[in-house]
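The values are calculated or read from the model by the stated rules, or taken from the named source; none is laboratory data. Values in this document were obtained by computation on a predicted structure and should not be read as measured data. Glycine gets a Cβ as well: all are built from the backbone with ideal geometry, and neighbour counts include every protein chain shown.
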Amino acid sequence: MAPAWSARLLCCGAYATLRNRCNTYPEVDVPVSPSPPASHAEWAALVVEGCAGNAGAFQLRLSRLIARLRREASPLANVLSRALADAHDSRLTLARDAASHQATLSPVDSESNLSLTTVQYPVHLDTPPVWTEQVEISLKQLIEEWRGAHKLLAAGLTPSRTLLLSGPPGVGKTLAAHYLAEQLQLPLVTLNLAAAVNSLLGKTGNNLVRVLAHARAQPCVLLLDEFDAFAKRRDDGQDVGELKRVVNVLLQAIDEWPATSLLVAATNHEELLDRAIFRRFDRWLRFPESSPAQVEAVLIGVGCSPALSAIVAPTLAGRPLSDATRLVQRAQRQVALHGQGFEDALLAQLAQELPAGEDVPRLLRAKQLKAAGWSLRAIGKDLKVNASTVSRLLHRTE
Ligand SMILES: Nc1ncnc2c1ncn2[C@@H]1O[C@H](COP(=O)(O)OP(=O)(O)O)[C@@H](O)[C@H]1O
Ligand SMILES: [Mg+2]
């Protein structure tokens, strides 16, 4: 039987069954609705999506139909929305099982035979990340949307499907993708950039298409890290044909991304991105430079005392948070090797990163007072130097 015919027949059958079931409820309780019943075309489209195996599109379309049935006061709305929520949960369970048993067959680059993705499940972070307030609010909202996805679907809505993370290096963009996968208990599928960017013309776009199709097929968090490598402006000059193709593949993928997986793209260079890309994402989260409070919390998180963290954090603020964690690790190694006190080891490691001959305690004090909002004059008074010396001191180490 031709697929179009089978779909149409199926659709008529499914629709008739659904309407009949609907009619078995006592008519009297159902208020008369002025809006027309959910149209045949929508049911037909639903069946076609189902037969074609487009789970994401099927789910979205069904949730819209449920919203419509609800407006029509059809008792079927509740039946279907419960079934949809159950199916959503069991699909997640299946994906989790698959990911924990195997590194889900990753597509490979046809030239190099390298895997185009790596899969991690379950994702576990050793120390909880520290976010700035704005980033924390956005991430929490997103997690809430995904945890309450069944409620959204029942209301004809979807959780945010695509997320763009931008900001300076080392502030936790890659970490945020891990954090989301951990919180949502989803496999984290990371695009292997080196394998995907194939020098052969046309292959990068093909690789990307395959990775996107792979990640759409099952619930996961797909991380496209260093996204600018793909999504460069189309007027960028070099390799225009291939670049255009890749950007178009991405634009289409973002538009059609299903609500069953979360696409996370991260970049340190938002200025390189094609302008058309930004508005396609459901959410765009810009990470600011690290703040003194954030560095302080990160230092405490990796084992520094609150007092030492408060002294050191203002000097490390504005730099990648990875500098703070690396500094602590280096100091811990020194302690283990030489039995030195941790505070001395940390300050000695920090001194190595500052201009030669810098008076470290004086600098730490100046940075700390500046972060506390003191004026240059007041800091100068405290350090017994004049304000211009303080200004030079602070600038020299920025
Ligand atoms: N918000 C954060 N909270 C705690 N640690 C962080 C945070 N951001 C970065 N780090 C530390 O820095 C490392 C590098 O961060 P990463 O996520 O790779 O930065 P980005 O992707 O923004 O360049 C992390 O593995 C972690 O040790
Ligand atoms: Mg990164």
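Quick notes
- Looking across region 158-182, the residues that are more than 8 Å from ligand 1 (Cβ to nearest atom) and in a loop (DSSP other than H, G, I, E, B) come down to T158, P159, S160, R161.
- If you go through region 131-140 and keep only what is within 16 Å of ligand 2 (Cβ to nearest atom) and aliphatic (A, V, I, L, M), you end up with V135, L139.
- Of all residues in region 124-152, those that are within 18 Å of C220 (Cβ to Cβ) and either aliphatic (A, V, I, L, M) or assigned to a loop (DSSP other than H, G, I, E, B) (or both) total 6.
- When the test is whether a residue is closer than 30 Å to V328 by Cβ and either more than 16 Å from ligand 1 (Cβ to nearest atom) or not in a helix (DSSP H, G or I) (or both), V298 does not pass it.
- Residues that are surrounded by 21 or more Cβ atoms within 10 Å (Cβ to Cβ) and either part of a strand (DSSP E or B) or within 15 Å of ligand 2 (Cβ to nearest atom) (or both), drawn from region 251-272: L262, L263, V264, A265, A266, T267
- Some residue of region 193-207 being at pLDDT 95 or above, surrounded by fewer than 18 Cβ atoms within 10 Å (Cβ to Cβ) and over 22 Å from D86 (Cα atoms): no
- Residue count, region 281-290 (criterion: in a loop (DSSP other than H, G, I, E, B) and buried (at least 19 other Cβ atoms within 10 Å of the Cβ)): 3
- Some residue of region 98-108 being surrounded by 13 or more Cβ atoms within 10 Å (Cβ to Cβ), under 25 Å from the mean Cα position of the chain (by Cα) and modelled with pLDDT of 80 or more: yes
- Checked against the criteria, S391 does not count as modelled with pLDDT of 90 or more and either surrounded by fewer than 17 Cβ atoms within 10 Å (Cβ to Cβ) or not assigned by TED's automatic domain parsing to the domain that holds A176 (or both).
- Scanning region 107-154 for residues that are in contact with a Ser or Thr (Cβ under 8 Å, 6 or more places away or on another chain), away from ligand 1 (no atom under 16 Å from the Cβ) and aliphatic (A, V, I, L, M) gives V108, L116, V119, A149, L152, L153, A154.
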